[in-house]
1. Of all residues in the stretch 183-215 being in contact with a helix residue (DSSP H, G or I) (Cβ under 7 Å, 6 or more places away or on another chain) and either among the aliphatic types (A, V, I, L, M) or in contact (Cβ under 8 Å) with a residue 40 or more places away in the chain (or both), which is most open to solvent (accessible area, probe 1.4 Å)?
2. Name the residue that is surrounded by the most Cβ atoms within 10 Å (Cβ to Cβ), counting only residues in the stretch 147-171 that are among the basic types (Lys, Arg) and part of a strand (DSSP E or B).
3. Does Gln81 qualify as being in contact with a helix residue (DSSP H, G or I) (Cβ under 6 Å, 6 or more places away or on another chain), open to solvent by 60 Å² or more (accessible area, probe 1.4 Å) and either more than 21 Å from Pro272 (Cα to Cα) or modelled with pLDDT under 85 (or both)?
4. Scan the stretch 123-138 residue by residue and report those that are part of a loop (DSSP other than H, G, I, E, B) and open to solvent by less than 50 Å² (accessible area, probe 1.4 Å).
5. Hey, does the stretch 59-70 have a residue that's among the basic types (Lys, Arg), over 30 Å from Ala240 (Cα atoms), free of Cβ contacts under 8 Å to residues at least 24 places away in the same chain and outside any helix (DSSP H, G or I)?
6. Scan the stretch 255-275 and tell me whether some residue there is surrounded by fewer than 16 Cβ atoms within 10 Å (Cβ to Cβ), in contact (Cβ under 8 Å) with a residue 40 or more places away in the chain and among the aliphatic types (A, V, I, L, M).
7. Could you check the stretch 172-224 and list, in sequence order, the residues that are over 20 Å from Ile139 (Cα atoms), assigned to a strand (DSSP E or B) and among the β-branched types (Val, Ile, Thr)?
8. Across the stretch 89-115, what is the total count of residues that are outside any helix (DSSP H, G or I) and either surrounded by fewer than 14 Cβ atoms within 10 Å (Cβ to Cβ) or without any contact (Cβ under 8 Å) to a residue 60 or more places away in the chain (or both)?
Amino acid sequence: MQLFIRVADTGSFSRAASASAVAQSTVSKQIAALESRLGAQLFRRTTRRISLTEAGQDYYDSAMRVIENIDEAEARIGRGQVAPSGLLRVALSPAFGRFYVMPFLPEFLEQYPDVTVDFEISDRHADLVGDGIDLAIRIGPLMDSSLVARRIGGARYATVATPGYLERHGEPVHPKDVESMPCVVFMFHGAPRSWRFVDGSDAVTFEPRSVVRSNDADYLRSAVLNGIGMGHNPGWLYAADIRAGRLRQVLDEYSPPPFPISALTPMGRRQPRKAQVFTEFLHEKFRTIPELSHGR
């Protein structure tokens, strides 16, 4: 049933196999055996994708109820007794995962040794259902109403530069001073992200003069640390550098309000126990980190 649901959700035997950590041939054999036993075709197959037949939709609805009832019973009866296990697929951005998730992973795996964590690393937003993702860590405002979100932290933007850069170009006293200064800019879905500040009750938004642009946070941080330009990104990216004096934060009084760090799961599906414990684990860790606990 779980393999069948994966195929129906992803629309692909290969993606269902990847999400379930089994061979594609295993998925094909299981679905063929299921259709043979039921005496009904569950999927329409084309060269591009597969979709549910009427019988398949009927079986899908029933299978979802069965799986949800089993999950609910296990959570109710075995909470604290049935150890989470299996493959947990987590989508998150490269730099955030490296700085704030990976350092805690040994402790998590020590607590839950039967869980295997499969990280899907990208600065692009993953398709949770299509890619078979159990949990996504998303930074910033949420636009997708088809996902269930739990806030596990909060961050603020930081505008930073090296001391040498500020000596050469001067220190801005107002966001408008930045418009003509060389800057390092984040690219999102092929477009430069505007810089946003708050001046009293007014929003100040503009696209700065970029000398380096990238969709990778590590490249942005490296460019700022090398004095190439000023950066304006989530503060967690630069927190260690600010504390060490490698970077100086400017225009802090004009920083926009904190934004959420959220754990996302698909709507309409009971969250697996392994995803629940990982979400709770990160929530407890993030609350102890100043740059991740704004607006809690």
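The values are calculated or read from the model by the stated rules, or taken from the named source; none is laboratory data. In this text, all values refer to a predicted model and were calculated from it rather than measured experimentally. Reconstructed Cβ throughout: ideal geometry from the backbone, glycine too, with neighbour counts over all protein chains shown. Each accessible area value is taken on the protein alone, full model and side chains, heavy atoms only, with ligands, DNA and RNA left out. Shrake-Rupley method; radii C 1.70, N 1.55, O 1.52, S 1.80 Å.
1. So the residue we want is Asp199.
2. Once the filter is applied, the top-ranked residue is Arg150.
3. Values: in contact with a helix residue (DSSP H, G or I) (Cβ under 6 Å, 6 or more places away or on another chain): no; open to solvent by 60 Å² or more (accessible area, probe 1.4 Å): yes; either more than 21 Å from Pro272 (Cα to Cα) or modelled with pLDDT under 85 (or both): yes.
So Gln81 does not fit the description; no.
4. Asp123, Ala126, Leu128, Gly130, Gly132, Ile133, Asp134
5. So far as the stretch 59-70 goes, no, none of its residues is among the basic types (Lys, Arg), over 30 Å from Ala240 (Cα atoms), free of Cβ contacts under 8 Å to residues at least 24 places away in the same chain and outside any helix (DSSP H, G or I).
6. Checked against the condition, which is being surrounded by fewer than 16 Cβ atoms within 10 Å (Cβ to Cβ), in contact (Cβ under 8 Å) with a residue 40 or more places away in the chain and among the aliphatic types (A, V, I, L, M), the stretch 255-275 yields at least one hit.
7. Within the stretch 172-224, Val204, Val211, Val212 qualify.
8. Residues of the stretch 89-115 that are outside any helix (DSSP H, G or I), as a first pass: 89-93, 101, 112-115.
Add one more test, that the residue is either surrounded by fewer than 14 Cβ atoms within 10 Å (Cβ to Cβ) or without any contact (Cβ under 8 Å) to a residue 60 or more places away in the chain (or both), and what stays is 91-92, 113-114.
Total meeting the criteria: 4.
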